[in-house]
Amino acid sequence: MNINRIKVLGLLGLPLLAIAVAVMVFAIGHSSDNNAEAATSPSAMSLRVDSGDTFACAGGPSAGKVCVPLGAKFNVIVVGDGIPVDGYILAQAWIDYDKEGLVYKPGVTAIWPDVSVDTITNIDFPDLNAAGGGGLTGVVTTPASFYKGDLFSFSFTCTSGPSSSQLELIPSGTAPALTNGAIYTAGDASSTQIVPDVTGLTVNCNPGPTATPTATPPPIPRMQKCDQADNVEEGVKDFPDCSSLVNVFLTRQGAKIPPDACLVTKGTSANVGELAEKLSATIVSPDPKDTSSFQQVAAFEFEVHYDSTKVCVDINKGPDWAAAEAVCIIQDDQPDSKPQLEGVARIGCVTIGKGHGIDDLAVLATVDIFPQPEIYSQAKPNQNNGVVVQINNVGCDLGDEQGHAIPLFSCDDADITFRYLEGDVSPDCVVDAIDTQSIAFRWGTSKGSLIYKDFMNLEPSGTQADNDIDINDLQFVFGRFGSTCKAPHPDQDPVNPKA
């Protein structure tokens, strides 16, 4: 503690509380004559830090020392650990602090529940790095308090640089502090009880402990469906990265006949949703037979659940699995493999022997989704048109060559939006002169006319259709001139029904 600083405090020697409070004047007016009585008093005060940001100091717990992060705010609490046997009507405390590492916010908060708010007093000497606070149990009548616990609170902030700061209670009656410092006034107002036992503390402002980084667990693969379609047949997939939200643009009209590919041979029908069943990450689970190596996928199975009134499904094993001569059991909508349940298709593949060398990230199977004829008549090329079909994956399993299960994180679904390109009234995936001429030819017609076509009644969209083809319908098509399925304008993003 800075002795010169205490000398100045002693010279200032002003009572902490208002002189107008007669009891206060009486209490503090007593001098060190009471020291002998105080020495045998159970009275005691200490300091503690109240903050949720404190952390264990290096070297373990230490009495009277606390560590606080740089720049953190904290409260220093004056605690009444012992009280006069007859109670007390006044409590007062002075704190001496190091200005180099701490910033003090002037003011005091009384926690003492018996204090009268009208008597709470705070005196600060920032140049001397000292602050004090006190209060009485009343202004006119002063009932005795027997409370033991938190009395007053002072607010501090750690500076931005590391420091070790001492905070000390200034004991009253210790020369040359005189009557300033830690005191009680007894309940009968007969004496000032100098607090004989005061305990300070050390506050270390440090950067704080560095959290031990948590090891990142190895990735567990997901079985996912990825869009593989090339709607405009230019040799580039619509989504080169894996996407389970798929657009399928419809490009034909005609009689209500089931899709060719689900009846005869894959590849003879347009407007297909081409999905690839793939793993999202390389397998890194240890081989139970040899923990020094990873498991190798040698078998898989999964089911696809869907609305069979809207689509049919064709499943085939992936190219790498075909090359490995995998044996597969397939139940889908192909004529030679009817599913046992409506709206459920499944595939299960196994390999024979060892050393097949199938890449973990190779396509496990292809899942092609074809629209039923009802899809074509449920939409027209107006704004936000389309029918969303959920392709739900269930029962996904992977196995290694010995039949041990390979962990999977999830079994992901796909959502396909079957729709027309907006304004493509002659569906061929481009809005061009054929579309503009087709709708212009019908300008001015309405429902009941032989040349009126509801498929071209585009504006307003939805249930507010006006049953005629007017200038708004023409503008809907002309304004989209040049739009294609690959680059539609405005954008026609696939719909996520789970969003």
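Here are the numbers for this structure:
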{"read-out": "Unmet requirement for Ile375, which otherwise passes all of (1) farther than 23 Å from Gln224 by Cα; (2) open to solvent by 10 Å² or more (accessible area, probe 1.4 Å)", "value": "(2)"}
{"read-out": "Qualifying positions in the stretch 197-208 - surrounded by fewer than 21 Cβ atoms within 10 Å (Cβ to Cβ) and either on the phi < 0 side of the Ramachandran plot or among the hydrophobic types (A, V, I, L, M, F, W, C) (or both)", "value": "Asp197, Thr199, Gly200, Leu201, Thr202, Asn204, Asn206, Pro207"}
{"read-out": "The stretch 137-149, residues that are open to solvent by 30 Å² or more (accessible area, probe 1.4 Å) and not aromatic (Phe, Trp, Tyr)", "value": "Val139, Val140, Thr141, Thr142, Pro143, Ala144, Lys148"}
{"read-out": "Phe152 vs. criteria open to solvent by 10 Å² or more (accessible area, probe 1.4 Å) and touching a residue at least 24 places away in the same chain (Cβ under 8 Å)", "value": "no"}
{"read-out": "Set Gly448, Gly423, Gly444: member being open to solvent by 60 Å² or more (accessible area, probe 1.4 Å) and closer than 21 Å to Gln378 by Cα", "value": "Gly448"}
{"read-out": "Residue among Ala345, Ala276, Ala362 that is assigned to a loop (DSSP other than H, G, I, E, B) and small (Gly, Ala, Ser)", "value": "Ala362"}
{"read-out": "Residue within the stretch 409-417 that is under 25 Å from Val344 (Cβ atoms), over 32 Å from the mean Cα position of the chain (by Cα) and surrounded by fewer than 20 Cβ atoms within 10 Å (Cβ to Cβ) present", "value": "no"}
{"read-out": "Enumeration of residues in the stretch 341-384 that are under 34 Å from the mean Cα position of the chain (by Cα) and of a type outside the set (Asp, Glu)", "value": "Leu361, Ala362, Val363, Leu364, Asn384"}
{"read-out": "Filter result for the condition that a residue is more than 38 Å from the chain's Cα centre (by Cα), farther than 26 Å from Ile220 by Cβ and among the basic types (Lys, Arg), over Lys338, Lys310, Lys289", "value": "Lys338"}
{"read-out": "Pair list, Cβ under 7 Å, 6 or more apart: the stretch 119-135 residue open to solvent by less than 10 Å² (accessible area, probe 1.4 Å), other residue of a type in the set (Val, Ile, Thr) and assigned to a strand (DSSP E or B)", "value": "Ala130/Ile95; Ala131/Ile95; Gly132/Ile123; Gly133/Val108; Gly133/Thr121; Gly134/Thr121; Gly135/Thr121"}
{"read-out": "Close pairs (6 angstrom Cβ cut-off, 6 or more residues apart or separate chains): under 23 Å from Glu274 (Cβ atoms) in the stretch 405-416, small (Gly, Ala, Ser) and part of a strand (DSSP E or B) anywhere", "value": "Ile416/Gly273"}
{"read-out": "All positions within the stretch 456-472 that are crowded, with 17+ Cβ neighbours inside 10 Å and within 16 Å of Leu421 (Cβ to Cβ)", "value": "Met456, Leu458, Glu459"}
{"read-out": "Checking Ile439 against (1) β-branched (Val, Ile, Thr); (2) touching an Asp or Glu at 6+ places or on another chain (Cβ under 7 Å); (3) exposed (fewer than 13 other Cβ atoms within 10 Å of the Cβ), the condition it does not meet", "value": "(3)"}
{"read-out": "Considering residues of the stretch 41-81 that are among the polar types (S, T, N, Q) and not in a strand (DSSP E or B) only, the residue modelled with the lowest pLDDT", "value": "Ser41"}
{"read-out": "Only one of Lys310, Lys338, Lys278 that is under 24 Å from Gly403 (Cβ atoms), open to solvent by 20 Å² or more (accessible area, probe 1.4 Å) and among the charged types (D, E, K, R)", "value": "Lys278"}
{"read-out": "The stretch 465-482 residues that are within 14 Å of Phe455 (Cβ to Cβ) and of a type in the set (Phe, Trp, Tyr), paired with ones that are open to solvent by less than 70 Å² (accessible area, probe 1.4 Å) and assigned to a loop (DSSP other than H, G, I, E, B) (beta carbon under 8 Å, 6 or more apart)", "value": "Phe476/Asn382; Phe476/Glu422; Phe476/Gly423; Phe476/Leu458; Phe476/Glu459"}
{"read-out": "Those residues of the stretch 188-207 which are at pLDDT 80 or above and part of a loop (DSSP other than H, G, I, E, B), in sequence order", "value": "Ser191, Val195, Gly200, Pro207"}
{"read-out": "Residue match in the stretch 255-269 (condition: touching a residue at least 24 places away in the same chain (Cβ under 8 Å) and closer than 17 Å to Gln390 by Cβ)", "value": "no"}
{"read-out": "Conditions (1) touching a residue at least 24 places away in the same chain (Cβ under 8 Å); (2) on the phi > 0 side of the Ramachandran plot: number failed by Gly448", "value": "(1)"}
{"read-out": "Residue ranges of strands (runs of 3 or more DSSP E) in the stretch 102-185 with at least 3 members farther than 25 Å from Asn204 by Cα", "value": "121-125, 130-136"}
{"read-out": "Given (1) in contact (Cβ under 8 Å) with a residue 12 or more places away in the chain; (2) open to solvent by less than 20 Å² (accessible area, probe 1.4 Å); (3) on the phi < 0 side of the Ramachandran plot, index of the condition Gly343 fails", "value": "(3)"}
{"read-out": "Positions within the stretch 281-315 being outside any loop (DSSP other than H, G, I, E, B), of a type in the set (Val, Ile, Thr) and modelled with pLDDT under 90, in sequence order", "value": "Thr291"}
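The values are calculated or read from the model by the stated rules, or taken from the named source; none is laboratory data. Note that this is a predicted model, so its numbers are computed, not measured. Virtual Cβ from ideal backbone geometry, glycine too; neighbours counted across all protein chains shown. When the accessible area is computed, the model is the full protein with side chains, heavy atoms only, and any ligands, DNA or RNA have been set aside. Shrake-Rupley method; radii C 1.70, N 1.55, O 1.52, S 1.80 Å.
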